[in-house]
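This report concerns only the one structure given below.
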Amino acid sequence: MSSRLRSNLWGYLFIGPFIIGFLAFTITPMLASLYFSFTEYGLFDAPKWIGFENYIKMFTEDPRYINSLKVTIIYVFAGVPLRLAFALLVAMLLNVGSRAVGWYRTLYYLPSLIGGSVAVAIMWRNIFGDDGIVNIALKSMGIDSIRWFGEPTAALWMLIFLSIWQFGSSMLIFLAGLKSIPASFYEAASVDGANFIQKFFRITLPMLSPVLLFNIIMQTISAFMTFVPAFIISKGTGGPLDGTLLYSLYLFKQGFEYFNMGYASAMAWVMLLIVAILTGIIFLTSKYWVHYESEGK
Amino acid sequence: MKRKSLLLVFGMILVLLLAACSSEGSSSGSDDGKVKLRIAWWGDQPRNDYTTKVIEMYEEQNPNVQIDAEYASWDDYWQKLSPQAAANELPDIVQMDVSYLAQYAQGNKLADLTPFLGEQIDTSNMTEDYVNGGKIDDGIYGMNTGVNAVGFHYNPELLEELGLGSEIPEDWTWDDYKTMSDKAVAQGAFFDTHLRPDVFFDYYLRSQGSRLYAEDGSGLGYDDDKLFADYWSMIAEQVEKGATPTPDALAQITGIEDDPVVKGEAIGIFQWSNQFVGLKQVAEKPLEIAPMPGPGTSDGLYLKPGMFFSVSQNSEQKEAAADFLDFFMNDVEANKLILGDRGVPGSSEVKEALKDEVSEAQKQVFEYVEWAETNSSPMGAPDPAGAGEVIELLETLAEQISYGQLAPEEAAESFRTQAEGMLGQ
Amino acid sequence: MTKKRPQYFLYHILVGGFAVLLLYPVIWLFVSSFKESGDIFITAGSLIPNPFTLLNYAQGWEGFGGYGFGTFIKNTIVFVIWMLLGHLISCSLIAFGFARLKFVGRGFWFMIMLVTLMLPYEVVMIPQYIIFSELGWLNSLKPLVVPAFFGHPFFIFLLVQFIRTIPRELDEAATIDGANTFQIFYKVILPLIVPALATTAIFTFYWTWDNLLGPVLYLNSPEKYTVSMALNMFLSNETVSNWGAMFAMSIVTLVPVFVIFFIFQRYVVEGISTTGLKG
């Protein structure tokens, strides 16, 4: 057996499970939804072919769609960087070997463990309510209190705060990444007289870059797909005035509340295109800033 | 030490997995010649508990039938139902809401119950309007489990305190509503909290001899946009003068628990009669029910099916399912467990028997609905397919009007063009 | 030691204080679970339950329709164990293939894998449901658990990124010692990615614990319900929700996740220092 054939064989042996699963459970539904996107399909009736009509309608006749796209882009581009910066900061603070730190890590992770249950929505209503702690703090600083659930922009920021608050998963991945940087690197830098900031940019950031890439891509994808927080906080409406009508929420409404599954499918494929292009761009730039130890220096 | 704990963990995992496998095996097999029905509903803890008991009661009387219950919360329920419908895997009996009935019936997912009426399902104690609540096109696609009627649920103590009399008269009008609101505002109280756009605009239209949707569901049911403008101008004025909280203030409210009425900041709340019991439970205040403001109250009011039980088209046991529905609607003992939780029952016999069983608050609801029976008009066709989207459109426009971003006249026009498009599909 | 002290205190004041701030909502939830259900929103500003009651816990634990809350916890644990087995085995194998082996179509399949993450689940849900219904898998854990044995893109990508940070010299040394590809995976790589595997385990645990949509779609009989479904059943869209019981059971369901996290986070941060660097 030639070594080339052998390495191909090993490769497919290892990734085989993924390919089988993909063929068995994923490809057909994906293609089905692609087909539906060119049809008028109300879930319970037979799909009717209408060509590109859904796609055209989206960008020409549906202001709510454009609005949901806008809201989602703000959510992603404000939320993801803030969340990651915050997660990295906390991860670095907690990257210490003391026993108490294990408790801190768990406590900092707790908000994420609560996840997407309705209890979160209630907590958030309490905190951002008229007499909630946020408004009390604002008032004490001499700023007028804000109707967080009543003003579209404020409500969107509240959603962004919620996503920052649940920073635990990114933090944990950063922690795992930080831990795999050999301590000897820092020691060597200290000998050279590097200060904290120099160490961060010369060692931490480059060594962490593969993990950073992972977090950026995954957080961007999942931020675009965000559904549950918007759903529970706005009680399923996406209000006020569609201010929290994230893309996925609008898609859900079209599909399952208005029974326009064809239109919802078209929305989904546009979303796929947007996210794929964005991910592609991030991957392309990663050549310049991601450093893999396995691929030489 | 460490090894021991590891072994322990593995042992636990094994036991759990085995338990899971064995329990799965026992529930799926066993073919003992029984008729098996699946029934699904949405609901909370009390409803799940009593409905389970009703099922047990039925199984006791019909030992050849086994009924498996599948329940979930409202959101989860609908999430579950649409794929089941698409895959023709619906339970034999499904609980339906007015807003979804047309969609499922016209999608051919529900069975027409007409052949079972008078056979398995005894309707002799129900009015024709009651049974027709589940009518879509020419078939009955859901058995009404009970009715509700809108009204004004208010706090008479606060009313008196504000010098507005001891009770709201049965024949009050929108003009009374406005003048009473002025007086309430002058003393720093809200008169009411909010009128759900679709429900109360529809009421207003009906009281003027129109309705929100055309009977055949193909478009809007009113021709004069002035009706729209009049109604929403009135609502906008109420918000502006402070008789109704602004929409941003309303958005801050979590639920009925911190509603202005409960906190004693507003006199009352316009809502469906089935919501009265919950309101009274949280408010811990005396509360009364008044009808809607006139003129034209009896044209505007109608008895709305609280929910339905439908039989699915893919069911292979439609007769058996219909027989259970009959039990649920007509059995007095069963209804002593249900106690009007799914709306005021339609069977006069059941209603009579429940009078002494229900709570104080539920009694007020029964009395109001009884009054409404003779002071209302038939409901007409339920919400057409596409209504969900129209309702949201109306809510958005109403919000914009209340925020002062949109004049009622403009909204009227915009509503007509967009809604006709949604319904005309 | 004496030099370290002020810094040490500063650290704890800063990190500890910030934790309290972040945890305020959770503390509020905890405290509210001991309030009478009707008081929760009226006394929302107060962190002292008055009167203090355990009734919510009793009511919540009772469950509904004859199934106690313990049933739902047991079901969820079984669900979680299957998912853990599935993800840990499949994702590490697949990730090793993508990160270390050269084969035709590697880039293509990796791209396909990421693309599957980008299509909103809402639109593939119904066709997928029909597939599982044809297989006769409805009302069982199978539609949820079986796919886990074929990998999850998120974890595969995560593990790939970690494997790529491991110097290739280690593989080469093992090859010289006569190890085949599987042995390299098993003996060299696997021990070095313990932190990432622990991360996978933690995420799988709490995502499964939290998963609502999957169980809602595929589990029909209440005796099979998971905690996430059960929690929603304290809510009512018509009358009054039992917030007290819901909060109480939220706290109860938080305990296992909390404990698991506390145990496993050690492996996330300690894995490498005990196993790596020696080789």
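Let me check against my output: what whole-number percent is the relative contact order of region A:1-92, with C-alpha pairs under 8 Å and at least 6 apart?
Details: 24 pairs, mean separation 10.4, N = 92.
Averaging sequence separation for qualifying contacts and normalising by length gives 11 percent for region A:1-92.
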For residue C:259, what charge total do you get from the other residues with a beta carbon under 14 Å from its beta carbon, if Lys and Arg give +1 and Asp and Glu give -1? +2
Mind checking B:258-270 for the average number of partner chain beta-carbons within 10 Å of each residue's beta-carbon? 1
Obtain the nm distance between the two label points defined at residue C:259 and residue B:405 by a simple spin-label model: each point lies 7 Å from its Cα along the Cα-to-C-beta direction. 5.0
Can you list residues whose amide H is under 5 Å from residue B:70's amide H, if they're 5+ apart or on another chain and H is modeled 1.01 Å from N? B:39, B:40, B:41
Across peptide B:50-62, what mean number of C-beta atoms from other chains lies inside 10 Å of a residue's C-beta? 1
Measuring from its Cα centre, the protein assembly as shown shows a charge dipole (+1 at each Lys and Arg Cβ, -1 at each Asp and Glu Cβ) which, in debye to the nearest 20, is 7920
For chain B, find the longest principal axis of its Cα atoms and tell me its angle to the long axis of helix B:45-61, 0 to 90°, nearest 10. 50
Taking a crude spin-label model, label points 7 Å out from Cα along the C-beta direction, the residue A:283 to residue A:190 distance in nm is 4.1
Using the basic label-point model (7 angstrom from Cα toward the beta carbon), what is the residue B:234 to residue C:24 distance in nanometres? 4.4
Output wanted: per-residue J couplings in Hz (rounded whole) for region B:329-345, from phi through Karplus 6.51 cos²θ - 1.76 cosθ + 1.60, θ = phi - 60°, x for Gly and Pro. 7, 10, 6, 5, 5, 4, 5, 6, 7, 6, 6, x, 5, 9, x, 5, x
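With only Lys, Arg, Asp and Glu charged, each at its Cβ (+1 for the first two, -1 for the last two), find how big the charge dipole of chain B is about the Cα centre; round to the nearest 20 debye.
Its charge dipole is roughly 1600 debye.
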On a straight-distance basis, which lysines could pair with residue B:241 in a cross-link, Cα separation under 17 angstrom, same-chain partners fewer than 8 positions away excluded? B:178, B:183
Given Cβ charges of +1 for Lys and Arg and -1 for Asp and Glu, the option among B:37, B:424, B:169 whose Cα lies farthest towards the positive end of the dipole of chain B is B:37
Mind checking the log10 I(q)/I(0) for the protein assembly as shown at q = 0.06, 0.09, 0.10 Å⁻¹? Debye, one equal scatterer per Cα, no solvent, two decimals. -0.48, -1.07, -1.31
Enumerate the amide H contacts of residue B:261 below 5 Å, restricted to partners 5 or more residues apart or on another chain; note that Pro and chain-start residues carry no placed amide H. B:266
Sequence neighbours fewer than 8 away in the same chain don't count; with that in mind, list the aspartates and glutamates whose C-alpha is under 19 Å from residue B:363. B:167, B:170, B:284, B:288, B:333, B:341, B:349, B:352, B:373, C:238
Within region C:57-150, which trypsin sites (Lys or Arg not before Pro) sit in a loop by DSSP and count at most 16 neighbouring Cβ atoms inside 10 Å? C:102
Rounded to the nearest 10 degrees, what's the angle between the helix B:225-241 long axis and the longest principal axis of chain B, both from Cα atoms, 0 to 90? 80
Which order do the peptides B:117-123, C:117-123, A:277-283 take when ranked by the mean count of other beta-carbon atoms within 10 Å per residue, highest first? C:117-123, B:117-123, A:277-283
In the structure displayed, which of B:285/B:351; B:135/B:351; A:48/B:304; C:74/C:187; B:285/C:74 lie more than 30 Å apart, Cα to Cα? A:48/B:304; C:74/C:187; B:285/C:74
Here, GluC sites (Glu not before Pro) of region B:198-246 satisfying both criteria (DSSP loop; at most 12 other Cβ within 10 Å) are B:215
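Averaging sequence separations of C-alpha pairs under 8 Å and six or more residues apart, then dividing by the length of region C:66-275, give the relative contact order as a whole percent. Walk me through the numbers before you get to the answer.
Details: 189 pairs, mean separation 70.3, N = 210.
Relative CO of region C:66-275 lands at 33 percent.
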Peptide C:188-196 - average C-beta neighbours from other chains (10 Å radius): 2
Region A:37-295: mean projected area of Cα convex hull, nm²: 18.4
Helix B:2-28 axis, angle to chain B major axis (alpha carbon atoms, nearest 10°): 80
What's the center-to-center distance, using Cα atoms, between region A:1-67 and region A:172-233 in Å? 33
Would you kindly calculate the translational diffusion coefficient of chain B, applying Stokes-Einstein with the Kirkwood radius from alpha carbon pairs, for 4 °C and a viscosity of 1.567 mPa s, and quote it in µm² s⁻¹ without decimals? 55
Most fluctuating residue of C:115, C:78, C:188 in a GNM of chain C with Cα springs under 10 Å: which is it? C:115
Short version: ³J(HN,Hα) in whole Hz for each residue of region C:60-65, in order, from phi by Karplus 6.51 cos²θ - 1.76 cosθ + 1.60 (θ = phi - 60°), x for Gly and Pro, what are they? x, 5, 4, x, 7, x
For region B:320-393, run through the trypsin sites (Lys or Arg not before Pro) and keep only the ones in DSSP coil with at most 15 other Cβ atoms within 10 Å of their Cβ. B:355
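Set the Förster distance to 51 Å, then compute FRET efficiency between residue A:202 and residue A:4 from the Cβ-Cβ distance, nearest 0.05.
Values: r = 40 Å, r/R0 = 0.78.
Rounded to the nearest 0.05, the efficiency is 0.80.
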Rounded to whole Å and sorted largest first, list the principal axis extents of the Cα atoms in region B:299-391. 40, 35, 19
For chain C, max minus min Cα coordinate along each principal axis, in Å, sorted largest first? 71, 71, 29
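Would you mind giving the three semi-axes, in whole Å and largest first, of the ellipsoid equivalent to region B:341-425 according to its Cα gyration tensor? Could you put the intermediate results ahead of the total?
Numbers: eigenvalues 300, 56, 25 Å².
Its equivalent ellipsoid spans semi-axes of 39, 17, 11 Å.
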Which of A:196, A:75, C:267 sits farthest toward the positive end of the charge dipole of the protein assembly as shown, with +1 on the Cβ of Lys and Arg and -1 on the Cβ of Asp and Glu? A:196
Highest to lowest packing among C:79-90, B:48-59, scored as the average C-beta count within 10 Å: C:79-90, B:48-59
Distance from region A:128-165 to region C:207-222 (C-alpha centre basis), Å: 33
Taking the Cβ of residue C:213 as the center, what net charge do the other residues with Cβ under 12 Å away carry, scoring Lys and Arg +1 and Asp and Glu -1? -3
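Which whole-number percentage describes the relative contact order of chain B, with Cα contacts under 8 Å and a sequence gap of 6 or more?
Answer for chain B is 26 percent.
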Calculate one ³J(HN,Hα) per residue across region A:20-27 by plugging θ = phi - 60° into the Karplus curve 6.51 cos²θ - 1.76 cosθ + 1.60, and present them in order as whole Hz with x for glycine and proline. 4, x, 4, 5, 7, 10, 10, 5
Out of residues 5 or more away from residue B:110 or on other chains, whose amide H comes under 5 Å of its own, with H placed 1.01 Å from N in the peptide plane? B:313
Sites residue C:237 and residue A:31 - FRET efficiency at Förster radius 35 Å, r taken between beta-carbons, to 0.05: 0.45
Please work out the FRET efficiency for the pair residue B:224 and residue B:375, using the Cβ-Cβ distance as r and a Förster radius of 22 Å; give the result to the nearest 0.05. 0.30
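Quick note: the coordinates plus some simple rules give every number you see, no bench work behind them. Bear in mind the structure is a predicted one, so any value in this text is a computation, not a measurement. All Cβ positions, even for glycine, are placed from backbone atoms using ideal geometry, and neighbour counts span all protein chains on display.
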